[in-house]
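Notes follow the structure.
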Amino acid sequence: METFGELPADAASRDYWAAQRRRLASPPDGGLNIAFEAVDRHADGPDGDRPALRCIDGRGMVEEISFRQLAVLTNRFARLLQRLGLRPGDAVFTLLGREPALYITALGALKAGAVFCPLFSAYGPDPLRTRMAKGRCKVLVTSARQWTRKVAAFRNALPDLEHVLVVDDPWGQGAPGGTLDFGRAIEDADPRPVVPPTTKDDPALLFFTSGTTGAPKGALHAHEAVVVHHATARGVFGLAPGDIFWCTADPGWVTGTVYGILAPLTAGATVIADREEFDAVRWYRLLQEQSVAVWYTAPTAIRMLMRLDATAEGRALTDTLDLSALRLAASVGEPLNPQAVLWGKERLGKPFHDTWWQTETGGIMIANVPGVDIRPGSMGKPLPGVQADVVDRRPDGRIVPVSAPDTTGILALRTGWPSQFRSYIDEDDRYRSSFADGWYLSGDLARKDADGYFWFVGRADDVIKSAGHLIGPFEVESALMDHPAVAEVGVAGRPDAIAGEIVRAYVTLKPGFDADEALRRSLLAQARQRLGAAVAPREIVFVENLPKTNSGKILRRELRALGDGP
Ligand code: ATP
Ligand code: MG
């Protein structure tokens, strides 16, 4: 297994990334394409018959797709897009679970030079519409059910949307009106290889962040991001052809696409695609039955597994579990408490390796890499090539690393890493203001200890993380503001031992409305219908006033401090 090993003190150099770039199949002076690196380079070589994908459904049925098969399927999809008139840079969206069509669409779209954007499949109509409009979705691939229930009604409000491909056909009557049948269209398409039209700076991936302070940001990445995907697949996860890799993140988030699809495939690993939602017992079994070698998950799931392990029933299961294939377990998304790291070591035989990155960074930047001692509770150290530091912004605009160890400051990265986001679509000012004096400012606060380990402190703004989903208060508030009874609403997370946080809305009412149970139910129902159950608030607290800044903005941090309400 290859790893980054001992981390050099200051390894961030163009030379380092240039060396990583040379490990890819495309010659450095030619074009660059993520899908080509993820699929075709393996398909044409000795690993062509290895499984790229292993899709597992709720009944345990396994469907395997080899690299060679995936190459042909993605050729077909790329050529289908070309035939439909798609031009490089046009956006292809998915609203799908972890099923073969998701992988074929993502990789086929990249091959065709399109921008791929995954949507979180539990979103309701409003968040879907906002993102599809903002990302100028031209082609959507989804299921018949998602289409009819959530999207069809606003199709005409999306001027850019030209084609909808529908994956399953539950009624056996062909795709719904105005859509194409995905399976049939793929079958009819030309399977011959395509020459990807892209270079390293062409746009490739669009991911929406959680939208804490306003509408969600659409972070755009270029094909050059694959340099980091590949370097981290090898260096953080030690992946090589034949390894079984399981990333549990939903494909709608950056992790679910970068590490659920792209990065492991560039290393020739086999990706486990679990079509079901979280279930502690099933997850334990999957780890064993699929001989998972490297597992990438999130603190909220780990907490649920720990909870089950604390019961007699859970113990009986974990005591007999054979995880001898498991080489590495890693975590991302929110702070990982030291207890979880140690629990992994004790009960699963492997400590969790925490990793830190963001939608904007496009790949892992800080991690507890194999071969370096883990400090439980720490995110680890910056990867080679990544110059991260804890900094202060001086009044004159200069960015200065804090000098004393263990001092809290802004977690910042020296600009110029290959998977750095290239824009926030339609938000140039916001994009520019994330950079200063040669640094990218992450919006997170951290400390660095005397040995160079980074410790997460908190985030400058306050997104809510509930059961692994990232939820922006603004969007939830907007959905409730539409209710006739609501005067004002502020949304914040309430700490919860299992979900991490639970979404709670603090609502002030218009005169003439009573803060009673019927109204509470009506608000909850509206929010669920508009936002989807994963995003909607679980609790509503009626209040007289909301805390505000001088400029009139709701102070969500103070809402959180209100606890059970005044
Ligand atoms: P928005 O930018 O809209 O507020 P977001 O920042 O929540 O959305 P992501 O880019 O997916 O959306 O999340 C990245 C953030 O998640 C990090 O900035 C950090 O706050 C948190 N995070 C990620 N990994 C870790 C980690 N290992 N420890 C602590 N926090 C983490
Ligand atoms: Mg962010």
Would you please give the residues with an amide H less than 5 Å from that of residue 353, counting only those at least 5 places away or on a separate chain, with H modeled from the backbone geometry? 329, 330, 331
What ranking do 336, 24 get, fewest neighbouring Cβ atoms within 10 angstrom at the top? 24, 336
Please give the contour-minus-distance gain from residue 49 to residue 188: 0.36 nm per residue of separation, less the Cα-Cα distance, rounded to one decimal in nm. 47.7 nm
Computed ³J(HN,Hα) along region 243-253: with the Karplus parameters 6.51/-1.76/1.60, θ = phi - 60°, integer Hz and x for glycine or proline, the list is 6, 9, 10, 10, 9, 8, 5, 5, x, x, 9
Please report, in debye to the nearest 20, how large the charge dipole of region 131-208 is about its Cα centre when each Lys and Arg carries +1 at its beta carbon and each Asp and Glu carries -1 there. 460
Does the chain come out rounded, prolate or oblate, given a ≥ b ≥ c as the square roots of the eigenvalues of its C-alpha gyration tensor, rounded meaning a/c under 1.5 and, failing that, prolate meaning a/b above b/c? rounded
Placing unit charges on C-beta atoms (Lys and Arg positive, Asp and Glu negative, everything else neutral), compute the dipole magnitude of the chain about its Cα centre in debye, rounded to 20. 520
Whole-number percent relative contact order across region 392-440, with pairs defined as alpha carbons under 8 Å at least 6 apart: 43
Which residue, 245, 293, 440, has the largest displacement toward the positive end of the dipole of the chain when charges sit on each Cβ (Lys, Arg +1; Asp, Glu -1)? 440
Net length gained if the chain between residue 451 and residue 408 were fully extended (0.36 nm per residue, minus Cα distance): 14.0 nm
Nearest 5 is fine: what % of DSSP beta bridges in the chain come out antiparallel, could you say? 60
Can you run phi through the Karplus equation (6.51, -1.76, 1.60; θ = phi - 60°) for region 393-399 and list ³J(HN,Hα) in whole Hz, with x for Gly and Pro? 9, 7, x, 7, x, 5, 10
Given a cut-off of under 8 Å on Cα pairs at least six residues apart, what relative contact order in percent is computed for region 462-562? 29
Region 78-204: relative contact order as a whole-number percent, Cα under 8 Å and 6+ apart: 30
Between region 335-355 and region 217-271, the Cα center-to-center distance that results, in Å: 21
Run down the aspartates and glutamates and flag those whose C-alpha is under 19 Å from the C-alpha of residue 548, throwing out any fewer than 8 positions away in its chain. 461, 462, 475, 477, 488, 558, 564
How would you rank 381, 345, 465, going from fewest to most other Cβ atoms within 10 Å of each one's own Cβ? 345, 465, 381
Residues residue 400 and residue 373, FRET efficiency given R0 of 41 Å [Cβ-Cβ distance, rounded to 0.05]: 0.90
Mean-position separation - Cα centroids, region 68-138 and region 153-206, in angstrom: 7
Shape of region 462-562, Cα gyration tensor, a/c cut at 1.5: oblate
Would you mind ranking 426, 47 by Cβ crowding within 10 Å, fewest neighbours first? 426, 47
Can you tell me how much longer the chain between residue 148 and residue 393 gets when fully stretched, taken as 0.36 nm per residue apart minus their C-alpha distance, in nm with one decimal? 83.3 nm
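Computed from the coordinates by the stated procedures, all read-outs in this text should not be read as laboratory data. Please read these numbers as outputs of a predicted model, since none were measured by experiment. Glycine also receives a Cβ, built like all others from the backbone with ideal geometry; neighbour counts cover every protein chain displayed.
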